[in-house]
Structures are given as C-alpha cells and as structure tokens.
C-alpha cells in the first residue's frame, strides 16, 4: 500500500485493467434501517439520564457533578470494552456480536431501573455502557460496506438523522416521566425491553455484505478474494495510526466539546434560567428536528460538494460547521426570557451538530482501507470521543459548581469550538493525499487479483 500522505497523480496506474463499478449492495436500505434502529434504542439510556437528571438528582440525593460522573464513567467503560467487541466482531461474526452487545445487553438497562442509590446506578449504568458503546463502531463499519463513497454521506446522514429525529418524539415523552413518581425507573425498563426486541429483529433480518463489498475497484472480486487482502492484523492497525488524516481527525474529535449540549442542555436551562424540568425538556423536540435536518441536508450537500471538490470539499464543510456552532452557542449567554427563543437556538445547534456525522464518518471511510475501518471507528468513536465526552462532561459538572453553568457553556461550547474550527485547517492537504492513496491501493488489489 502506498504510504499515507503521499500524493499520487493518478488513481489508475498504467496497465491496470478497468475495474468497472460496483453493483449496489443488496438489501442495503433494509440494513440501514436496522442499524439505525439499533443506535436509536441504544441512545435511549443516555437520553434518560441527561433528560431526567433534575428529578433523578432529587430522588437519589446526589449533586449536579454526579451527572458528569455518570456520563464520564459510561464513556470510559465503553472505551475499554469497544475494542474487544470489534475484535470479536471481526474474528467471528459482526451481526451476532452486534446483537449481543446492543440487543441482549438491554437486560442490564432493565436492572439499572431498580437502583436504590447512586452507587448502584453508577455500576449498572457502566455495565450497560460497556455493551452499548461497542455497537457504534460496528454499525459504522457495516455502513461503510453497505454504501460506496458516493453515497456514504447521504446514508450516514439518514442514520444519524433518524437517531436524533427519535428525540423529537422521545425527548418530550421522557421529560413527561418527571411528572410521575419514579418515572425514571419506568424509562429504564421500557428502554431495556426495546433493546432486546431490536436485537431479535437484527438477528433475523440484517445481512452482512462482507468487508469491501461496496468498493467499485473490487467489484469483480468475490468475497473470498476480498477477504484474502482484508484481514485485520496488528501490523495493519499500526498502519492506521500512521495515516495523517486519521491522526488529525482523532485530535479534532478530542476538541469536539459540542457534545456537551447533549449532556447538560436541559440542566443548563433549569439551573441558569430557572425553567422547570418538563418545560426545559421541550427544547429537545426542535433540537431533534434541527439535528435531523442537519444530517439529511448535510449528507446530501456533502456528497455533492465532495464530487465537485474531492480534495477539500468535506474538510471545508466540517470546518464551517464547527465555527458556526460556536457562534450560535454563544447566544445562550443571553437570557431571552422565552423558551420559544431558546427552542430556536437549540434547533440551530442541533442542525449544526447534525451535519457532522455525514462529513466526518465519510472522511474516515475514504482515507482508510476497508479492513481498517472498524478499528478506525473504535479509536475515533469509542476511544477519542469517549475520552472527550468524559472529560467535558465530568469537567463541566465540577466547573459549573465552581464558576457557574453559564460561564462553563461560554468556554466549552464557544471558545473551545472556535479552536476546533481553526485546527481543521491542518486537514486540507493530508486528506487529499490520503484519499488518493486509498483509491490507488484498492485499484492495485483489483489489478493483482484479476491479472
């Protein structure tokens, strides 16, 4: 494989036979629907904790910093277990491991609903996260094999758009549980049951297309031929860490403090502007709609921009999204005196956050060989993102107690995101080089197998 970061003049070396184009993977949209459902039900656990924390805080007599601790422990636990789940998925069966770590793992979510104190909740929430956190890299790995590079932005946008669109319905409903005695317990029970049901559906109807199934350069190869050059080894994992674009994307993910709005968005309105828990939770509906529109529109726009400007289009859109998020987040420093205005702001933040998956996932997919994508998403989503989310969530909880939630949002959602946008400038040249390098490598594999 050409060294990552080495520019090449032509993705088709002289003498290489025409490899044609890949036929779209069969049942790919059904597969996308099942993968989407998997992430939707997995997301319910964290949404329960963040949305209902004000009442959970009273029920278990815990401080505000406990929310940050819960989220941090959940992320860090997943950081440790996700590589294990991905290793098992690649060694045995991706679909089966996904069913176990996402679907059947819902039994632990049910158990969390019986917690009698913070220690029990923390332990059971951590165990739950140990399974659910393994699902996201496996889902993104499968997504890269279901869809080719020209449609991955749209497919990723649909997946994460539907994930957040579920908040349009679930967010306010979860918020209403705050009006019921021990409502948060019922939330855990229902969420766990939905995980189990989704696991059964995935086992019955999801078809794994195989590694590299959507690459046009490998269209003439059968699965055995693709697998022969796509085994994941420690040497190739080391190659992953040498890809300059991937290195920069990991750092960019560590600077992605916008995730904080998912953890403290409702608590911010309760503590700073003194809305009730139920009223504050209403902003989750427009935020979910905004996120859906961001992923849907963002995915479509990203694919088109990438086709017209393959060397820099995705990177430019990613940079603009981070900068715009920071600007909008700073408007939260003003007390607008009306929940409707805050709903509009949260909708805009949701939109700008929603464009990210349709950009950053395809950036990673297009600059890493098929066999390394699973490992790439473990590092990016289950390790780097987990560390970032844990640091920002735990840090924000303690920082809020020291300087106030309003100042915490100013620094973490405003200033840090401006730094994030500036950092992305470093991605332009490496992305163009690494994308070309992968295309050349895939063409070489096709030439070798068909000659």
(request) May I ask you to derive the relative contact order of the chain, considering only C-alpha pairs under 8 Å and at least 6 residues apart, and to give it as an integer percent? (result) 30 percent
(message) Quick check: Cα centre of the range 401-436 to Cα centre of the range 140-162, how many Å?
(response) 24 Å
(request) Enter the angle in degrees (range 0 to 90, nearest 10) between the Cα long axis of helix 385-403 and the first principal axis of the Cα atoms of the chain, meaning the one along which they spread out most. (result) 30 degrees
(message) Using a 7 Å offset from Cα along Cα-Cβ at residue 448, what residues in the range 350-388 end up with backbone N under 15 Å from the label point?
(response) 369-372
(request) Please report 115, 309, 58 as a ranked list, fewest other C-beta atoms within 10 angstrom at the top and most at the bottom. (result) 58, 309, 115
(request) Return, ordered by residue number, the residues of the range 41-77 whose backbone nitrogen is under 14 Å from a label point located 7 Å along Cα→Cβ of residue 410. (result) none
(request) Find how much the distance from residue 119 to residue 251 grows on full extension, using 0.36 nm per residue of separation minus their present alpha carbon separation; answer in nm with one decimal. (result) 44.3 nm
(message) Sorting check: for 383-395, 423-435, 256-268, which peptide has the highest mean count of neighbouring beta carbons within 10 Å, and how do the rest follow?
(response) 256-268, 383-395, 423-435
(message) Roughly how far apart, in whole Å, are the Cα centres of the range 176-213 and the range 328-351?
(response) 31 Å
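Based only on other Cβ atoms within 10 Å, what is the fewest-to-most ordering of 105, 85, 411?
Final ranking by Cβ density, sparse to dense: 411, 105, 85.
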(request) Could you tell me which label, among [x] 12; [y] 35; [z] 25, carries the value of percent of Cα pairs over 43 Å apart calculated for this structure? (result) [x]
(request) Please give, to one decimal in nm, the separation of the simple spin-label points placed at residue 419 and residue 334, each 7 Å out from Cα toward the Cβ. (result) 2.6 nm
(request) Using label points projected 7 Å from each Cα along Cα→Cβ, tell me how many nm separate residue 104 and residue 327, to one decimal. (result) 5.1 nm
(message) Suppose the chain between residue 391 and residue 403 were pulled fully straight at 0.36 nm per residue; how much longer would it get relative to their current alpha carbon spacing?
(response) 2.6 nm
(request) May I ask for log10 I(q)/I(0) of the range 167-207 at q = 0.18, 0.32 Å⁻¹, from a Debye sum over the Cα atoms as equal point scatterers with solvent left out? (result) -0.60, -1.01
(request) Please tell me the relative contact order of the range 259-380 in percent, rounded to the nearest whole number, where contacts are Cα pairs under 8 Å and at least six residues apart. (result) 36 percent
(message) Let's test the formula: R0 of 35 Å, r as the Cβ-Cβ distance of residue 241 and residue 320. What FRET efficiency results, to the nearest 0.05?
(response) 0.80
(message) Once each part is reduced to its C-alpha centroid, what is the distance from the range 42-76 to the range 84-110 in angstrom?
(response) 24 Å
(message) Could you list 441, 215 so that the one with the fewest beta carbons within 10 Å of its beta carbon is first and the one with the most is last?
(response) 441, 215
(request) Could you check the simple spin-label distance between residue 197 and residue 96, using points 7 Å along Cα→Cβ, in nm with one decimal? (result) 2.7 nm
(message) Compute the angle between helix 244-254 and the longest alpha-carbon principal axis of the chain, please, reported from 0 to 90 degrees and rounded to the nearest 10.
(response) 10 degrees
(request) Determine the calculated [θ] at 222 nm for the chain from helices alone, applying -39500 (n - 2.57) to every DSSP H run no shorter than 4 residues and normalising by the residue count; nearest 500 deg cm²/dmol. (result) -22500 deg cm²/dmol
(request) Report, in degrees rounded to the nearest 10, the 0 to 90 angle that the Cα long axis of helix 152-176 makes with the longest principal axis of the chain. (result) 10 degrees
(request) Go from 0 up to the bin containing the longest alpha carbon distance in the range 252-328, width 5 Å each, and give me the % of pairs per bin. (result) 3, 13, 17, 21, 18, 12, 7, 5, 3, 1
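Computed from the coordinates by the stated procedures, all read-outs in this text should not be read as laboratory data. Note that the coordinates shown come from a computational prediction; the quantities given were computed from them, not determined experimentally. Virtual Cβ from ideal backbone geometry, glycine too; neighbours counted across all protein chains shown.
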